[in-house]
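The structure under discussion appears below in the form of C-alpha cells.
The values are calculated or read from the model by the stated rules, or taken from the named source; none is laboratory data. None of the values given here were measured: they were computed from a predicted structure. Here the Cβ is made from the backbone with ideal geometry for all residues, glycine too, and neighbour counts use every protein chain on show. Each accessible area value is taken on the protein alone, full model and side chains, heavy atoms only, with ligands, DNA and RNA left out. Shrake-Rupley method; radii C 1.70, N 1.55, O 1.52, S 1.80 Å.
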Amino acid sequence: MSNFFLWLGASISLAEIEAGSLFSGLILSDSLFAIFFGHFLGGILFFAMMYISTKLKCNAMGSLKYFYSQNGKIFFSFCNFLALICWSAVMIMSAAILLNRLYPNTIFNLVAILLSSLLIIWLFLKQNLLMLINNFIVCILFLIVIYIFYNLINLNLNQIEVNKINLINAIELSIAMPISWLALVGDYTKYFKNPIKDSLVASVAYFLGSSLMYIIGYLTMKYYSDLSSFLITLKLSMLIIFLIIFSTITTTYLDIFSANESIKNINNKFGNKITILLIIFIALLIAIFIPFSLYENFLYTLSSVFLPMASVIVCVYCFKLKNSAKLNFLIWFIGFLIYQILIYFDFLASILTFLIILILTLGGEYVSKHYAKNKKS
C-alpha cells in the first residue's frame, strides 16, 4: 500500500491542476477523453520504465548502463540532476506564490524557506516512519481533493472566457505529465518483489490521482480566473494551507530524492545527507532569486531529453534487441531532435517520437545483423 500512496501523493500537486486548467476551452466530453487517453498512453511508458528498473534491480539512471554504456549513464544522470533541481525550485516557488495570493500578508521568501525546511525533515526521516507519515498525509490530501471536486461539480455559475486549445494538443498535454516522471520512477521500484503487480499498482495510483487533478484544473478555469479565486470561496483556510504545503512536499520529495540518486550514478562519493542539503539549498536559491522565465526554456529542453531516452530503452528491452550503446545513443539523439521539431509544431510530439524511435531501433537491429552476415561472408 505504501507504493500506492507514494504515487498517489506524487500526483496530487499544483502542477497537475495548472496543466488541467489549460483544457478549459474544450467541451467536457473532449476534455475527459483527452485526460484519460493521454494519461493512459503516458502511463504505458511510466509502467514500462518501472518494470524494467525492477527486473534489472537498478535505480532509474543506473539501468541506463545496459543500454547507453557507462558514459551514457553519466550523461543522462547529469541531465536528470539539473532538471530535478530546477523542478524542485519550481514546485517551491509555485506553492509560495499561491499561498501569497491567498494570504497577502505571507512573505514569499519565508514560505519558501519553510517548505525547504519541511523537505529536509521529510528526507531525513527513517524509511518506515516516512512511509507511515506519508500514507497518512496522502489520505488527508485525497479527502481534501475529493471535497474540492465535490464543490466544483455542484457549482451553478456562468462560465467565463476560457483558454483555446485543440483536442490533439490536449492529448499531448495529458501524456506530458506521466512521461515527466520517466527518468526517476525506477528509483522507487528497484526492490519490488512482484515487478508486474507492483509497477501496475503504482501506475494506477498515479493515473487516478493525476487525472483527477487535471479535471479539477479544467472545472476551476470554467468558472474562475485562477485557482486561488476558487480556493478562497471554500473558506477552509487551514485545510487549504495544508493542501498546498503537503502536496508540494509529497511531490518535491521524489524530485530531491531522485536528484540525489542521480548524483550517486556520477560519483559514489556523493549522494549522502550533505548532498541532499545542498540540493535543497540550491533549489531554494533558484526559487527565491531567479525568475522562472529566465530558465523556463532551458528546463523544458532538458526535460525533453528523457522521452526519447526512455523510448529507446523500452523498445530495446521489450523486443530483446542487441543494438550497441553507440547505436542506441544515436537513435536517442535523432529522437531528441525530432521531438524538438514536433513540439514546435504542436503536433503529437510524444506519440510520433516514440513510433519513429521504435522503427529506428528495429531497423538498427536488422541493419546490424545484415552487416554482420556480409562481413562474415
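Numbers for the structure displayed
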read-out	value
Which listed residue, of Phe246, Phe270, is open to solvent by 20 Å² or more (accessible area, probe 1.4 Å) and free of Cβ contacts under 8 Å to residues at least 60 places away in the same chain	Phe270
Count - residues of the stretch 326-338 that are over 24 Å from the mean Cα position of the chain (by Cα) and open to solvent by less than 70 Å² (accessible area, probe 1.4 Å)	1
The stretch 178-216, residues that are in contact with a Phe, Trp or Tyr (Cβ under 7 Å, 6 or more places away or on another chain), of a type in the set (Gly, Ala, Ser) and under 16 Å from Ser31 (Cα atoms)	Ser211
Members of the stretch 29-53 found to be among the polar types (S, T, N, Q) and surrounded by 23 or more Cβ atoms within 10 Å (Cβ to Cβ), listed by number	Ser31, Ser53
Which numbered condition Asn323 fails, given (1) farther than 30 Å from Leu362 by Cα; (2) buried (at least 16 other Cβ atoms within 10 Å of the Cβ)	(1)
Contacts under 9 angstrom Cβ, first residue in the stretch 1-19 being over 14 Å from Ser174 (Cα atoms), partner aromatic (Phe, Trp, Tyr) and not in a helix (DSSP H, G or I), 6 or more apart	Asn3/Phe192; Trp7/Trp181; Ala10/Trp181
Any hit, the stretch 279-296, residues being farther than 19 Å from Asn109 by Cα and either buried (at least 18 other Cβ atoms within 10 Å of the Cβ) or out of contact with any Phe, Trp or Tyr (no Cβ under 6 Å at 6 or more places or on another chain) (or both)	yes
Meets criteria (β-branched (Val, Ile, Thr), touching a residue at least 12 places away in the same chain (Cβ under 8 Å) and either within 17 Å of Met309 (Cα to Cα) or touching a strand residue (DSSP E or B) at 6+ places or on another chain (Cβ under 8 Å) (or both)) for Ile74	yes
Residue within the stretch 227-239 that is under 13 Å from the mean Cα position of the chain (by Cα) and more than 19 Å from Cys86 (Cα to Cα) present	no
Boolean, Ser13 is modelled with pLDDT under 95, under 19 Å from Phe354 (Cβ atoms) and touching a helix residue (DSSP H, G or I) at 6+ places or on another chain (Cβ under 6 Å)	no
Filter pass, Ile351 being open to solvent by less than 90 Å² (accessible area, probe 1.4 Å), at pLDDT below 95 and among the β-branched types (Val, Ile, Thr)	yes
Test for Ser228: is it buried (at least 22 other Cβ atoms within 10 Å of the Cβ) and in contact with a helix residue (DSSP H, G or I) (Cβ under 7 Å, 6 or more places away or on another chain)	no
Selection count where residues are outside any helix (DSSP H, G or I) and either within 16 Å of the chain's Cα centre (by Cα) or surrounded by 22 or more Cβ atoms within 10 Å (Cβ to Cβ) (or both), scope the stretch 1-23	3
Matching helices (runs of 4 or more DSSP H) fully within the stretch 92-208 where at least 3 residues are free of Cβ contacts under 8 Å to residues at least 40 places away in the same chain and open to solvent by 20 Å² or more (accessible area, probe 1.4 Å)	108-124, 127-153
First in the stretch 77-90 and part of a helix (DSSP H, G or I), second anywhere and surrounded by fewer than 23 Cβ atoms within 10 Å (Cβ to Cβ) and hydroxyl-bearing (Ser, Thr, Tyr), Cβ under 6 Å, 6 or more apart	Ala83/Ser303
